[in-house]
1. Could you check how many residues of the range 38-69 are within 24 Å of the chain's Cα centre (by Cα), closer than 18 Å to LEU92 by Cα and of a type in the set (A, V, I, L, M, F, W, C)?
2. Does ARG114 satisfy being among the basic types (Lys, Arg) and away from ligand 2 (no atom under 16 Å from the Cβ)?
3. Right, THR516: assigned to a strand (DSSP E or B), away from ligand 3 (no atom under 13 Å from the Cβ), surrounded by fewer than 20 Cβ atoms within 10 Å (Cβ to Cβ) and not basic (Lys, Arg) or not?
4. Just one of the numbered conditions (1) surrounded by fewer than 20 Cβ atoms within 10 Å (Cβ to Cβ); (2) within 26 Å of LYS333 (Cα to Cα); (3) under 23 Å from the mean Cα position of the chain (by Cα) is not true of THR72; which one?
5. Based on this model, can you work out whether ALA247 counts as surrounded by fewer than 24 Cβ atoms within 10 Å (Cβ to Cβ) and touching a residue at least 40 places away in the same chain (Cβ under 8 Å)?
6. Could we say that ILE109 is crowded, with 17+ Cβ neighbours inside 10 Å and away from ligand 1 (no atom under 16 Å from the Cβ) here?
7. Within the range 497-513, which residues are more than 11 Å from ligand 3 (Cβ to nearest atom) and either in a strand (DSSP E or B) or charged (D, E, K, R) (or both)?
8. Being in a loop (DSSP other than H, G, I, E, B) and not small (Gly, Ala, Ser) is the requirement here; does VAL376 meet it?
Amino acid sequence: MLKRRQLFQLAGVAAWMYSGAGHSQEVASVPFRHYPLDPVDTANFRQKLFVPGNSGPFGVLDVAGPLKIRATAANFPILPGPKTPISSPFLLYQTEHAGKAYQNPILRIESGSRFTASLDNALPEPTIIHWHGLHTPAAMDGHPVNTIAPGGRYDYDFTVRNRGGTYWYHTHAHGLTAKQAYNGLASFFLVDDDDQRRLAKALDLRLGVTDLPLVIQDKQFDAQGKLRYQPNAQESMMGWLGDVVLANLTPNAVQTVTPRTYRLRLLNGSNARIYRLAFVTGKKRLNFTVIGTDGGLIERPESVTEAFLAPGERLDVLFDAGQAQIGTDIFLKSLAFDPMENEGPAMPGMAGMAGMEHGAGHGAPGVASSRLTLGVEFNVLKLSVTAGERIVAKLPATLSKVSAIPLQGATQRKIELSLENMRFLINGRTFVMDEIAFDVKRGAVEVWSISNPTLGMPHPMHIHGFSFQVLERLGSPAQVSSSARFGKGRTAGDLGWKDTVLVWPGETVRIAIDFTHDFPGDQTYLLHCHNLEHEDAGMMINFRVQG
Ligand code: C2O
Ligand code: CU
Ligand code: CU
């Protein structure tokens, strides 16, 4: 199999052009893959998981009335230090609400309510907030065309039309999204509705206690413990990977649990890393139950033992910690997988390059600087099972109603991903701010066949403005088709309403979208890859829903 680095070379780059930063030299003396906070080593898992409270960082903010949000830079303690945690310069959304201060608040709102917020840009560069997964008018969507300059303000005012679910918000300044999101500009946007309340009541789920929003991210830190984001040419092309894995910004996190059921709202907030999630104790994989995907609850709880989670995607799961003995540790892991970077027929002249794969060490020019290769197995979170009443949850037979989009008369559309001159393209295009790649009619149902060539890498494809349903996966690799229990090659993570779907090399994923809306006039939205380096490099197009 050809690897990340080789695809990059194949794409024709003069590789040795990057002068390594502090990161590499500092760790050169420790054996490769064993470093402080290495998430492969279970012994490193000692930091208490950061769990959101009712104010402060990631505090749960029940939206009632207009918000004033400020995007700004601040210090934020991430890494555990000898005495005090090491602060990293971080980008944050600050706000006050009902007398309390919040940074990157977890916004919570009832479906059908009005959401009003102003964004003030206190950063030295342009920014804008996008509400990922929400069905809003284009002007409220945080399209990069609405980016505001330093000192500028943008006003949002829209009705939250989405069903209950785990959405999120993040920066969308074109060319700066990857860096700004990596440096902190992202958090959850939770929508509540009757289905959500019914589930919470049936299973005694309380947000911040037994219902835990969990954003998973991978970061790099320099020798001083500061966040590092310096993609070289290869990393700009393939995506930036970290080697310290954070759950709610906690590296090597531990959460104590009692033998009962927890809800974990998993969000992959990483720039480029794909996770293959599983709960493992010792050598044993435990069951968990998928209850929701990007756009809220699915119809029925589905028991699985693993699930892929790509950047931008959410997976709502129930996990019964009583499956393990009191006193044992359970790890939420990312299992090993084939990253399928540059799959396809071997290219002439590639053989000689194979030796460069390992010798150079991380941080060397043209080599990925992350010590955690895409597809290796590592741990994300340790759950320590402590004494407590054994509560066996009775899962509801139905969670919610997901009506299939009627497909009669649907317009068929091909979305082809490709690689040309070191750039990943969509239908042969790279992003141009004011160019419309295609038009869609208001109220039309379309079926998009998104195909990824074999020579490439996996791309998490995301659509703004409208949720979709995954109809079918064709040509899936074995690591995907082995979990495809739901007909037409679909896995549990493909069920329900989606806004982001991972398309593997060689795959075609067919999705259905209903473009019904009640916004006045034409509305322009984005289709893009949620590998944030790809997005910034232009793997993004505009489409217009005609009024
Ligand atoms: Cu979360 Cu346009 O993206
Ligand atoms: Cu989005
Ligand atoms: Cu991509």
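The values are calculated or read from the model by the stated rules, or taken from the named source; none is laboratory data. As the structure is a prediction and not an experimental result, all values here were calculated from the model. With ideal geometry, Cβ positions are generated from the backbone for all residues, glycine too; neighbour counts draw on all protein chains shown.
1. Looking only at that region, the number is 6.
2. Yes, satisfied.
3. Criteria not met by THR516.
4. Result: THR72 fails condition (2) only.
5. Considered against the rule, which asks whether it is surrounded by fewer than 24 Cβ atoms within 10 Å (Cβ to Cβ) and touching a residue at least 40 places away in the same chain (Cβ under 8 Å), ALA247 comes out as no.
6. Numbers: crowded, with 17+ Cβ neighbours inside 10 Å: yes; away from ligand 1 (no atom under 16 Å from the Cβ): yes.
Answer is yes for this residue.
7. LYS498, ASP499, THR500, VAL501, GLU507, THR508, VAL509, ARG510, ILE511, ALA512, ILE513, listed by residue number.
8. Working: in a loop (DSSP other than H, G, I, E, B): yes; not small (Gly, Ala, Ser): yes.
Here the answer is yes, as VAL376 does meet what is asked.
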